[in-house]
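Enquirer: Provided herewith is a single structure, encoded as structure tokens, for subsequent inquiry.
Throughout, read-outs are computed from the coordinates displayed, never taken from laboratory work. Remember, it's a predicted structure, so these values are computed and weren't measured experimentally. When we count neighbours, we look across all protein chains shown, and the Cβ atoms used for this are built from the backbone with ideal geometry, even at glycine.
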Amino acid sequence: MFRIKRLSECTFAEAVQAWNEGFKGYYADMSTTLDRFVIRLGKEDLSPELSIVAFAENRPVGFVLNLRAEQVYMLRPMQAAR
């Protein structure tokens with residue numbers, strides 16, 4: 001069973017883990033660190049309140065990041081949960 005939490009309810013470690021797992025095997029290295037993830041949140045105007053992380057067995061397995069701004073960007077779909 002999946003549990004959904006707002007990004008604002010997650011630790012930064014969980015958010016970075018979800019990001020790195022979600023982009024594992026991507027054609028370009030999309031892995032990030034805690035510092036780079038926090039910078040991305042501010043630089044890209046991402047909203048922790050409007051973003052979600054999916055958990056399975058208490059580990060992050062997927063995420064959707066949403067902007068604060070009214071702009072809409074097309075994002076690459078995540079790979080299926082492993």
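Enquirer: Under 8 Å between Cβ atoms, at least 6 apart or on separate chains: pull out the pairs that start in the range 1-13 with a residue that is farther than 21 Å from D35 by Cβ and end on any residue that is assigned to a strand (DSSP E or B) and among the small types (G, A, S).
Expert: Short answer, once both residue conditions are applied: M1/A56; F2/A54; F2/A56; R3/A54; R3/A56; I4/A54; R6/S51.
Enquirer: Hey, another quick one. Output yes when any residue across the range 58-66 is free of Cβ contacts under 8 Å to residues at least 12 places away in the same chain and of a type in the set (G, A, S), and no when none is.
Expert: no
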